[in-house]
Amino acid sequence: MALLDIKNLTLEIDTGQTRVKALDKVNLTVSSGEIRALVGESGSGKSLIVSAISGALPPQWRMTADRLSWRGESLLSMSTEQRRQVMRRDIAVVFQNPVSALDPSATLGQQLEESIPDELVRGNWFWQRGQNRRKIAIGAVHKVGIKHHRHYLSAYPHQVPTDICQKFMIAMALVSQPKLLIADDPTRGMETTTKTQVLKLFTRLNQTKSLSILFVSHDLLAIASMSHTMTVLYAGQTVESGKMKHIRKRPLHPYTKALLDSAPSFRNNLPPKSTLPTLEGTIPPLQHMPIGCRLGPRCPRAQRDCVVTPVQRRIHDHTYNCHFPLHMEKL
Amino acid sequence: MINVLTRYLTLFVLTLLVLAALSFSLAYLFPGDVLTNLTGLTPQNDMQREALARQYKLDQPYVVQFYHYLGQLLSGNWGHSFISGLPLREEIGIAMPATIELATYAMLIALIVGVPVGYYAGMRSYTPIDHTINSVSLFSYSFPVFWLALLFILVFSLELGIAPLSGRVSLLFDIPDATGFILLDILLAEDIDKGLALSDALHHMALPTLAIAIITTAAMIRMTRRSVIDVLGRPYITAARSRGLSRWQIFSRHIVRNALLPILPLMAIQITTLITNAMIVETLFSWPGIGNWLIQAIYQRDYPALRVGMLAVSTLVITLTILVDLFNRLIDPSREKYERATV
Ligand SMILES: Nc1ncnc2c1ncn2[C@@H]1O[C@H](COP(=O)(O)OP(=O)(O)OP(=O)(O)O)[C@@H](O)[C@H]1O
Ligand code: SF4
Ligand SMILES: [Mg+2]
């Protein structure tokens, strides 16, 4: 069953004279118990999707969507209180920049403890509950691999290194025992051992607690090893989405192929000392998006038809937005 | 911690030294006799003059004179008023508390009314109620204080006759001066009708206090509102919301403190304005405070009084400013980081 279901999510913003579409009809689902990777270049709108789901968009954005639902209930039409309850118990978010997402004037311990929902705290009297809260917090801190809890729980965010802040954000997200974890680039800048530790934790929680995860990252290697499904985003459009192993074996969209090719570890037949094939050019700025397929100017397969935005097509559970997909002959 | 305290103390002492030097040089800069400017005493004959000059070390180099002057200041020997002949320390000891009293009540009103209203407006930012509060506070903030005081006198004292025109308390009450704060003195006084005296004092106090408080309250509202709006836009508030915290939790745990921290230094600046305003309003209401006293000194060319009065007022302002800043430093955890950059 789809936990999170997003259909044709469009985000627009007025930049001076023109209105630009930062997200153009994005589709995304996260099913129960799956780890879905959301990948795309920097500026392709991944964090915007995360903000839209968590209701954290600044008011100047105009959002439209055919569907944005949580377990069949529309997040857009539910009351503020209902939505708050969903965010409190079911969905947890780790935002991209952990340091600015922490209150500078409160200790890490206070912020972690306030994220524990009241229902999970045992005890009748406030001191018992206080102690229990503390215990839960310490447990959560250990779980994300922080050893000196005594030191860090009473520290302020500016006093600790960034990776500890990142881990605290993860602990704060996990401590409410959510059904879905949305993690926006949670391992950015971490060193390899720490990163592995976090990824292992995610995989374990997925297997033991059937936690669903929407994992946003640049790190294709990490994504490939842990996620079941993948959605690829280019310049605010979803270009391809499907099972990880299908996409790896036979990407249908030229952009996905370029993305996979640019990561050496995905190629088994790579001749030594060959240059990596990548697409010419860079992602266009929002104000100058090409009409039709946004990949058009950079796409090696582009033809005249591509000035019309390709609609989403589907082969089993593999969807793609392209007029001239690859590998069709093999299907 | 000790470091911070030492640094503030050094700053404080150095500033006071500079002010004392300025005050000392005034004795030379003011027209007239240096000896008279410095002591407030007019020697009758040459022998007396010589004795005084020797006592004040005027025959020695400036540095020694200044050193002696500092000693005199510290021991409380501030010289005598030119006009009344009374010791200046006593006169200032009576006038200063009256000003502080006025400023304190005005500040209390500003804090008690201004800060909560500011929070409310900030939390309701850009709604009609916020726009109303904002316009009213901008309007009141723009009043010149003396004009407001005159308006009050015109309306409440002269037209409606519900408040006395001048003074601190009716002369019918004989209140001994114990603390210098009239309300406290009344409570401490014996054998007077305390209820009547208090109500009379409050009547006297209402107009000048309000005249100062309105402007400071408006400033508080505007500062608090701005700060709350700033905090509301921070990513950690968004993050707290996405964790499903209630409005009240977000307000009490994340907004109150973060919004207050940037206002505290601004409050320190307000104190200076507040004392200036109090001194202006005093002269209009004949409130026996330091502002009124200084104006009288200027009219009467009482140079010794001006010399010490200026030192006393600036010492007060600097003490308060440094105290607020120190307090602010102590409660703001993230300031440690910038310790090297400031002061
Ligand atoms: N407030 C804003 N006003 C205008 N454009 C914005 C605003 N915020 C984001 N954008 C634009 O929206 C696009 C998507 O940004 P987003 O932060 O979602 O990218 P991202 O995929 O998360 O990138 P990264 O991998 O670097 O985190 C970018 O082109 C960005 O310039
Ligand atoms: S639609 Fe055309 S331009 Fe877009 S990816 Fe497919 S082939 Fe390339
Ligand atoms: Mg991002």
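What follows draws every value from the coordinates through simple rules; no lab data is involved. Predicted, not measured: the structure shown is a model, and the values here were computed from it. Note that each Cβ is placed from the backbone with ideal geometry, even for glycine, and that neighbours are counted across all protein chains shown.
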key: residue B:112 paired with residue B:62, simple spin-label distance in nm, labels 7 Å along Cα-to-beta-carbon   = 5.0 nm
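Percent antiparallel among DSSP beta bridges with both residues in chain A, to the nearest 5?
Numbers: 30 of 47 bridges.
Percentage antiparallel, nearest 5: 65.
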inquiry  = Rounded to whole Å, give me the distance from the Cα center of segment B:166-210 to that of segment A:228-262.
reply    = 83 Å
task = Quote the charge dipole size of the protein assembly as shown about the Cα centre in Debye, to the nearest 20; the model charges only the Cβ of Lys and Arg (+1) and of Asp and Glu (-1).
result = 4940 debye
request  = Could you work out the relative contact order of segment A:56-136, using alpha carbon pairs under 8 angstrom and six or more residues apart, expressed as a whole percent?
outcome  = 14 percent
remark   = Between residue A:150 and residue B:286, the FRET efficiency computed from the C-beta separation at R0 = 56 Å comes out, to the nearest 0.05, as 0.35
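Let me have the 222 nm mean residue ellipticity of chain B computed from DSSP H runs of 4+ only, each contributing -39500 (n - 2.57), with the sum over all residues rounded to the nearest 500.
On the way: 15 runs with 237 residues, N = 343.
The helix contribution divided over chain B gives -23000 deg cm²/dmol.
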Percentage relative contact order, chain A, counting C-alpha pairs under 8 Å, at least six apart = 21 percent
query = Span-like helices, chain B: DSSP H, alpha-carbon axial extent 27 Å or more, mean Kyte-Doolittle 1.6 or greater, which ones?
reply = B:2-29
message = Can you show me the helix-derived [θ] at 222 nm for chain A, built from DSSP H runs with n ≥ 4 at -39,500 (n - 2.57) apiece and divided by the number of residues, rounded to the nearest 500.
response = -9000 deg cm²/dmol
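Counting only DSSP beta bridges with both residues in the protein assembly as shown, tell me the antiparallel percent, nearest 5. Walk me through the numbers before you get to the answer.
Values: 31 of 48 bridges.
About 65 percent, rounded to the nearest 5.
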Label point distance in nm, residue B:196-residue B:22, each placed 7 Å from Cα along Cα→Cβ = 4.7 nm
inquiry  = Just to be sure I understand the curve: with the Debye formula and one point per C-alpha of the protein assembly as shown, what is log10 I(q)/I(0) at q = 0.06, 0.08 Å⁻¹?
reply    = -0.56, -0.80
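So for segment B:95-289, what percent of the C-alpha to C-alpha distances run longer than 25 Å? Kindly include the intermediate steps, with their values, before the conclusion.
Working: 8759 of 18915 pairs.
Tail of P(r) above 25 Å: 46 percent of Cα pairs.
Compute the Rg/Rh shape ratio of segment A:97-228: radius of gyration over Kirkwood radius, all on alpha-carbon atoms. Don't skip to the answer; put the middle values down first.
Values: Rg = 14.9 Å, Rh = 15.4 Å.
Here Rg/Rh amounts to 0.97.
Please compute the length gained on full extension between residue A:60 and residue A:135, using 0.36 nm multiplied by the number of residues separating them and subtracting their Cα-Cα distance.
Values: separation 75, 0.36 × 75 = 27.00 nm, distance 4.10 nm.
Answer, rounded to one decimal: 22.9 nm.
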remark   = Taking R0 as 22 Å and r as the Cβ-Cβ distance between residue A:192 and residue A:228, the FRET efficiency 1/(1 + (r/R0)^6), rounded to the nearest 0.05, comes to 0.40
ask   = Residues in segment B:200-215 near a label at residue B:172, defined as backbone nitrogen under 14 Å from the 7 Å Cα→Cβ point?
value = B:200-204
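I'd like the FRET efficiency for residue A:142 and residue A:262, computed as 1/(1 + (r/R0)^6) with the beta carbon distance as r and R0 of 25 Å, rounded to 0.05.
Details: r = 38 Å, r/R0 = 1.51.
The pair residue A:142/residue A:262 has a calculated efficiency of 0.10.
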key: Within segment A:100-177: Cβ-based charge dipole about Cα centre, in debye rounded to nearest 20 (Lys, Arg +1; Asp, Glu -1)   = 360 debye
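Tell me the relative contact order for chain B as a rounded percent, counting alpha carbon contacts under 8 Å between residues six or more apart.
Working: 374 pairs, mean separation 88.3, N = 343.
Relative CO of chain B lands at 26 percent.
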message = Binning at 10 angstrom from zero up to the longest distance, how are the C-alpha pair distances of segment A:100-177 distributed in percent?
response = 20, 55, 23, 2
